[in-house]
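Here's the structure we're looking at; comments come further down.
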Amino acid sequence: VNRGPIDHSMFLLRKPTAQILADVRNVNRDTPLSYNEVGDSRGKPPEGYVVDRNRVRLGSGSATFERARQALKSWQMLQLGWVKPCWPDATLREGELVGTQARVCGLWVINVCRIVYVDETASEVGHEFSFAYGTLKGHVERGEERFRIEWQHADDSVWYEIVAFSKPGTWLS
């Protein structure tokens with residue numbers, strides 16, 4: 001295990017311990033975002049970034065919307081086998097730290113982001129729940145990622161959408 005000082009993000013030979021994750025969280029409490037276009041994932045992504053956009057229909061109705069909303073709130077989208085949340089107890093609120101630990105090429109990589117907004121709206125047209133997090137200094141990328149669940153009342157459809165804009169954050173990426 002890396003016995004050096006805890007940095008903003010880390011590469012480790014072994015899976016990070018709870019103490020290492022707590023130390024990384026503490027070191028990053030006041031770390032600023034690594035990009036200037038904060039909140040731009042709400043609309044048109046800024047120029048000069050790679051944009052990734054994926055949208056899939058989940059089903060229909062209020063029960064589907066609520067299940068999907070709860071899945072986002074419990075970080076299910078970060079449970080991918082090779083990547084998982086550092087702090088699965090993190091609350092979805094602006095300013096909260098979010099981290100991922102991933103196993104890549106035999107190394108464990110820890111990256112930290114900060115939630116930049118949480119939006120929830122309801123109208124006669126539909127319901128929407130979304131949030132975005134932005135990268136902090138030391139993250140392998142620079143940019144923002146938004147997760148959104150949308151229930152359209154006109155056809156009762158429920159959609160899951162991810163929009164991200166990013167650039168390499170370190171020379172390794």
In the set Ala63, Ala18, Ala22, the lone residue that is over 22 Å from Ser166 (Cβ atoms), at pLDDT 95 or above, among the aliphatic types (A, V, I, L, M) and open to solvent by 20 Å² or more (accessible area, probe 1.4 Å) is Ala63
| request: Output yes when any residue across segment 69-91 is open to solvent by 30 Å² or more (accessible area, probe 1.4 Å), part of a strand (DSSP E or B) and polar (S, T, N, Q), and no when none is. | output: no
The condition from (1) open to solvent by less than 80 Å² (accessible area, probe 1.4 Å); (2) modelled with pLDDT of 90 or more; (3) within 16 Å of the chain's Cα centre (by Cα) that Ser9 misses is numbered (2)
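Within segment 47-68, can you find the residues that are in a strand (DSSP E or B), over 14 Å from Ala132 (Cβ atoms) and among the hydrophobic types (A, V, I, L, M, F, W, C)?
Answer for segment 47-68, where residues must be in a strand (DSSP E or B), over 14 Å from Ala132 (Cβ atoms) and among the hydrophobic types (A, V, I, L, M, F, W, C): Val50, Val56, Leu58.
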For segment 111-169 the number of residues that are open to solvent by 30 Å² or more (accessible area, probe 1.4 Å), over 14 Å from the mean Cα position of the chain (by Cα), of a type in the set (A, V, I, L, M, F, W, C) and over 18 Å from Asp52 (Cβ atoms) is 4
Flagged pairs (Cβ under 8 angstrom, 6 or more apart or on separate chains; first in segment 35-46, closer than 13 Å to Phe131 by Cβ; second open to solvent by 70 Å² or more (accessible area, probe 1.4 Å) and not aliphatic (A, V, I, L, M)) are none
Quick check on Gln79: is it under 30 Å from Ser62 (Cβ atoms), at pLDDT below 90 and not aliphatic (A, V, I, L, M)?
yes
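The values are calculated or read from the model by the stated rules, or taken from the named source; none is laboratory data. All values derive from a computational prediction rather than experimental measurement. Cβ sites come from the backbone with ideal geometry, for glycine too, and all protein chains shown count toward neighbours. Only protein heavy atoms, including side chains, enter the accessible area calculation; ligands, DNA and RNA are left aside. Shrake-Rupley method; radii C 1.70, N 1.55, O 1.52, S 1.80 Å.
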